[in-house]
Amino acid sequence: MTKLTLGSLFDGIGVFPLAASRYGVQPIWASEIEKAPISITKRHFPNIHHLGNITKVNGGEIPPVHIITFGSPCQNLSNIGKREGLTGSQSSLFYHAIRIIEEMRCATNGTYPVIAVWENVMGAFSSNNRLDFKAVLESFTNDEMYP
């Protein structure tokens, strides 16, 4: 049986890889730009490949994985933020994760990833009069993602 693999975008301190590894899923790569969180992930997962800045990652050129996880920046979606929503400079990075998923699916003829998990704040459900969450759902069901 093939071992499930995971890639983590906006990895932070590697919470998704840590949880997945406890259930036999093998973390392969991660994308994060902050040095302190990267050092924590490297300590727990010395063999994980670090991709760096998500805006420079091409999903068709990285190792395909069964599961892609991401907790894209929430500053613009949070109830305590300015509520700029997905158009805000940080939260709009969500679309880079979707792009990477689409690129990987295209490069693997729709085989990978099998699962994509997005984690965010409660404000994601209500920002922009709930239209941002609608945009998130539509991004995951976009026909281009499923060749």
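The values are calculated or read from the model by the stated rules, or taken from the named source; none is laboratory data. All values reported here derive from a predicted model rather than from experimental measurement. Neighbour counts run over all protein chains shown; Cβ positions are idealised from the backbone, glycine included.
The table for this structure:
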{"read-out": "One residue from Arg99, Arg105 being in a helix (DSSP H, G or I), modelled with pLDDT of 80 or more and under 13 Å from the mean Cα position of the chain (by Cα)", "value": "Arg99"}
{"read-out": "Candidate set: region 1-25, residues that are out of contact with any strand residue (DSSP E or B) (no Cβ under 6 Å at 6 or more places or on another chain) and under 19 Å from Ile101 (Cβ atoms); chosen: the one modelled with the lowest pLDDT", "value": "Gly12"}
{"read-out": "Close pairs from region 1-13: first under 19 Å from Ala116 (Cβ atoms), partner part of a loop (DSSP other than H, G, I, E, B) and among the small types (Gly, Ala, Ser), Cβ under 6 Å, at least 6 apart", "value": "Phe10/Gly71; Phe10/Ser72"}
{"read-out": "Filtered residues of region 10-41 (kept if of a type in the set (Asp, Glu) and under 15 Å from Ile68 (Cβ atoms))", "value": "Asp11, Glu32"}
{"read-out": "Residue that is aliphatic (A, V, I, L, M), out of contact with any Pro (no Cβ under 6 Å at 6 or more places or on another chain) and at pLDDT 95 or above, where the choices are Ile54, Ile28, Ile48, Ile40", "value": "Ile40"}
{"read-out": "Of all residues in region 6-34 being under 14 Å from the mean Cα position of the chain (by Cα) and among the β-branched types (Val, Ile, Thr), the one that is surrounded by the most Cβ atoms within 10 Å (Cβ to Cβ)", "value": "Ile28"}
{"read-out": "Qualifying residue in region 68-88 (condition: modelled with pLDDT of 95 or more, buried (at least 21 other Cβ atoms within 10 Å of the Cβ) and either under 30 Å from Leu131 (Cβ atoms) or out of contact with any Asp or Glu (no Cβ under 8 Å at 6 or more places or on another chain) (or both))", "value": "yes"}
